[in-house]
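The values are calculated or read from the model by the stated rules, or taken from the named source; none is laboratory data. Remember, it's a predicted structure, so these values are computed and weren't measured experimentally. Cβ placement follows ideal geometry from the backbone for every residue including glycine, while neighbour counts extend to all protein chains displayed. Protein only, heavy atoms only, side chains kept; ligands, DNA and RNA dropped before computing areas. Shrake-Rupley method; radii C 1.70, N 1.55, O 1.52, S 1.80 Å.
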Amino acid sequence: MNNGMMIEVNDLTKRYAGHTAVSRLSFSVGRGEIVGLLGPNGAGKSTTMRVLSCFMPATSGTVRVAGFDVFRDADEVRRRIGYMPENNPLHPEMRVREYLKFRARLKGMSWRRSRERVSVVMDQFGLTEVSRKIVGQLSKGFRQRVGLADALVHEPELIILDEPTIGLDPRQLRAVRDMIRTLGRQCTIMISSHILPELADFCNKVGIIENGRLLVSGDVQAIQSSLGRGRIMRVKVLRELEEAALAALLGRSPRAVYEEAVARSGPGAQAGAPEARAPAATASSSPGRMRDVSRGRPAAD
């Protein structure tokens, strides 16, 4: 058993009826790390997490959690992980405290210990005030808190969170992020998202997955820096009637507005920056077609 690694994945492949969801994926996660899986929908993030959580078998490859093989030692792995799927499948007809006690008992905890742990996680996630409320009547933010409490109630060594912030409003998002940071001081965390800045808030490392393959992995800041090289010019195009209306409103042609925007767009528009010169040439050859101009840096998507 390797005490330095919480997760070890080697050549993991998962196929569904001829479709390869994950292809020869390999990575490792050290104990105490917060690691993010980044990628678009359908990239293979959820499939990878389901295999890690013993929810489905792999087609080939090896996966170990806390030194235990997820295929041969599934019971040992389940005792050591807390898993919150993307859709957070709660029992909507149960009350919050009742539901968490039920889940704790399912995870093999004694009646006395489950009662103690439910009180601890309810206090930790701010659920005490809604302890007697029906789960199905809670807001999305509070349901996410219940899911996090469920994942942590049995004191796992590893927590796996699949898109835990999806669908949250800004206030709920901040609250869940703060909770994840707090969890990171207690155990190892793997979290998935399709938004890099979201993971950068609390992850030590990030792996980017697309079409079931790991494209790049490493330190969050290093990946952000590599994505930040270069600039992007976005141009929206006008139809002729819109062009005439905009010219009448502005008192000058859209091309003049565009050229002024390019001139003011910062260091990237200076001489020697080819990404700024090429759009200007297009403006001259096809005048008056620009709806909008914006500049930015490349992102993970």
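Checking 56, 94 one by one, the residue that is closer than 30 Å to residue 206 by Cβ and touching a residue at least 40 places away in the same chain (Cβ under 8 Å) is 56 and no other. Entry remark, region 6-32: residues being of a type outside the set (S, T, N, Q), over 26 Å from residue 89 (Cα atoms) and in contact (Cβ under 8 Å) with a residue 60 or more places away in the chain number 7 in total. Restricting region 138-149 to residues that are open to solvent by 10 Å² or more (accessible area, probe 1.4 Å) and more than 10 Å from residue 96 (Cβ to Cβ), the residue that is farthest from the chain's Cα centre (by Cα) is 139. Each residue in region 197-223 was checked for being at pLDDT below 90, under 25 Å from residue 167 (Cβ atoms) and surrounded by fewer than 20 Cβ atoms within 10 Å (Cβ to Cβ), and 5 of them qualify. Determine, yes or no, whether residue 122 is touching a helix residue (DSSP H, G or I) at 6+ places or on another chain (Cβ under 8 Å) and within 21 Å of residue 53 (Cα to Cα). In short, no. I'd like to know if region 153-161 contains one or more residues that are touching a residue at least 60 places away in the same chain (Cβ under 8 Å) and among the charged types (D, E, K, R). For region 153-161, residues touching a residue at least 60 places away in the same chain (Cβ under 8 Å) and among the charged types (D, E, K, R): present. Here residue 255 meets each of (1) open to solvent by less than 40 Å² (accessible area, probe 1.4 Å); (2) over 26 Å from residue 40 (Cβ atoms); (3) at pLDDT 60 or above; (4) touching a Gly at 6+ places or on another chain (Cβ under 8 Å) with one exception, condition (1).
When restricted to residues that are in contact with a Pro (Cβ under 6 Å, 6 or more places away or on another chain) and either closer than 14 Å to residue 191 by Cβ or among the hydrophobic types (A, V, I, L, M, F, W, C) (or both), region 70-83 contains 2. Residue 160 is checked against (1) open to solvent by 50 Å² or more (accessible area, probe 1.4 Å); (2) of a type in the set (Val, Ile, Thr); (3) within 24 Å of residue 8 (Cβ to Cβ) and fails just one. What number does that condition carry? Only one criterion in (1) open to solvent by 50 Å² or more (accessible area, probe 1.4 Å); (2) of a type in the set (Val, Ile, Thr); (3) within 24 Å of residue 8 (Cβ to Cβ) is unmet by residue 160, namely (1). Whether a residue is more than 22 Å from residue 144 (Cα to Cα), touching a residue at least 12 places away in the same chain (Cβ under 8 Å) and not β-branched (Val, Ile, Thr) was assessed, and residue 104 does not pass this test.
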